[in-house]
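Report on the following structure.
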Amino acid sequence: MTYAYKLMDSPVGELKLVANGNCLAAILWENDKPNRVRLPNMVEANDRPILIETECQLHEYFAGARNQFDLALDFHGTDFQKKVWAALLTIPFGETRSYSDIAAQIGNINAVRAVGAANGRNPISIVAPCHRVIGASGDLTGFAGGLANKMFLLSLEAGQTSLEAAAAEQTHGIETPTKPARPLPRSGTQSSLFGN
């Protein structure tokens with residue numbers, strides 16, 4: 001089946017949602033490097049159900065009304081990359097992990113740099129939350145969408161209301177709850193990053 005895409009406006013810029021059949025294959029950034037995620041030629045198809053559902057769930061996420069995604073995903077990469085991307089999917093909303101945490105989780109504590117490289121090639125940004133991976137010191141490190149967008153996503157998940165309000169203005173009429181559902185602060189939460 002042909003790969004198809006749909007463009008979406010968001011608080012972090014225009015996103016390119018890409019489907020392979022009935023699965024989401026990529027979410028690409030407006031200024032993404034052309035070879036960061038290698039995909040075959042694709043056609044614009046705004047009527048693909050998976051792309052419509054992805055856009056809907058992303059709008060809910062930006063509005064503070066969704067803290068996990070329910071989408072069929074189609075990752076294409078090496079076996080190692082797929083292990084890293086699967087580990088990303090286990091990071092709870094509102095929490096962060098270090099590259100060494102991910103390396104330990106996939107059973108290869110010496111693969112911190114390789115984890116970083118795989119994280120950087122994550123094709124399904126936001127849904128597979130590579131933005132939740134930070135340096136061991138707590139520093140925000142490289143991010144395909146840019147560090148400002150990484151900070152925005154982490155702040156949004158930390159429940160900073162000014163960002164929720166800004167995101168709500170972009171969501172085409174979706175109501176924003178006054179307080180998004182989020183887990184209580186635990187070790188590894190963004191509260192340590194933002195002093196909440």
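The values are calculated or read from the model by the stated rules, or taken from the named source; none is laboratory data. Fair warning: this is a prediction, and the values are worked out from it, not measured in the lab. Methodologically, a virtual Cβ is constructed for each residue, glycine included, from the backbone with ideal geometry; neighbour enumeration extends over all protein chains shown. The accessibility values were calculated without ligands, DNA or RNA, using every heavy atom of the protein model including side chains. Shrake-Rupley method; radii C 1.70, N 1.55, O 1.52, S 1.80 Å.
Of the residues making up region 49-88, those that are aliphatic (A, V, I, L, M) and in contact with a Pro (Cβ under 9 Å, 6 or more places away or on another chain) are ALA63, ALA65, LEU88. Determine whether LEU193 is open to solvent by less than 70 Å² (accessible area, probe 1.4 Å) and modelled with pLDDT of 85 or more. Criteria not met by LEU193. Which of the residues that make up region 144-168 are at pLDDT 85 or above and either assigned to a helix (DSSP H, G or I) or under 9 Å from PHE62 (Cα atoms) (or both)? The answer is LEU147, ALA148, ASN149, LYS150, MET151, PHE152, LEU153, LEU154, SER155, LEU156, GLU157. Where residues in region 77-86 are surrounded by 15 or more Cβ atoms within 10 Å (Cβ to Cβ) and over 27 Å from LEU156 (Cα atoms), which of them is modelled with the highest pLDDT? Looking at residues that are surrounded by 15 or more Cβ atoms within 10 Å (Cβ to Cβ) and over 27 Å from LEU156 (Cα atoms), I get PHE80. Across region 87-97, a minimum of one residue is classified as of a type in the set (A, V, I, L, M, F, W, C) and assigned to a helix (DSSP H, G or I).
Does at least one position in region 62-84 carry a residue that is of a type in the set (Ser, Thr, Tyr) and under 13 Å from the mean Cα position of the chain (by Cα)? The answer is no; no qualifying residue exists. Among the conditions (1) closer than 14 Å to ILE126 by Cβ; (2) not in a helix (DSSP H, G or I), the only one that THR54 does not satisfy is (2).
For region 1-13, a residue qualifies if it is open to solvent by 40 Å² or more (accessible area, probe 1.4 Å) and either in a strand (DSSP E or B) or of a type in the set (Lys, Arg) (or both), and the qualifying residues are TYR5, LEU7. Scan region 87-100 for residues that are free of Cβ contacts under 8 Å to residues at least 24 places away in the same chain and surrounded by fewer than 21 Cβ atoms within 10 Å (Cβ to Cβ) and the total you get is 1. Taking residues in region 137-152 that are at positive phi, and partners anywhere that are crowded, with 16+ Cβ neighbours inside 10 Å, the pairs with Cβ atoms closer than 7 Å and at least 6 places apart or on different chains are GLY138/LEU193.
Number of residues in region 50-70 that are touching a helix residue (DSSP H, G or I) at 6+ places or on another chain (Cβ under 6 Å) and either closer than 22 Å to ASN20 by Cβ or among the basic types (Lys, Arg) (or both) equals 2. Tallying residues that are surrounded by 15 or more Cβ atoms within 10 Å (Cβ to Cβ) and touching a Gly at 6+ places or on another chain (Cβ under 8 Å) within region 14-31 yields 2. Residue by residue through region 37-58, note down the ones that are more than 14 Å from LEU7 (Cβ to Cβ) and open to solvent by less than 30 Å² (accessible area, probe 1.4 Å). The answer is VAL37, ILE50, GLN57. Taken over region 102-130, the criterion of being in a helix (DSSP H, G or I), surrounded by fewer than 22 Cβ atoms within 10 Å (Cβ to Cβ) and in contact (Cβ under 8 Å) with a residue 40 or more places away in the chain is satisfied by GLY120 alone. Within region 59-83, the residues that satisfy the criterion of being in a helix (DSSP H, G or I) and over 19 Å from PRO123 (Cβ atoms) are HIS59, GLU60, PHE62.
Restricting attention to region 136-152, the residues being open to solvent by less than 10 Å² (accessible area, probe 1.4 Å) and over 17 Å from the mean Cα position of the chain (by Cα) number 0.
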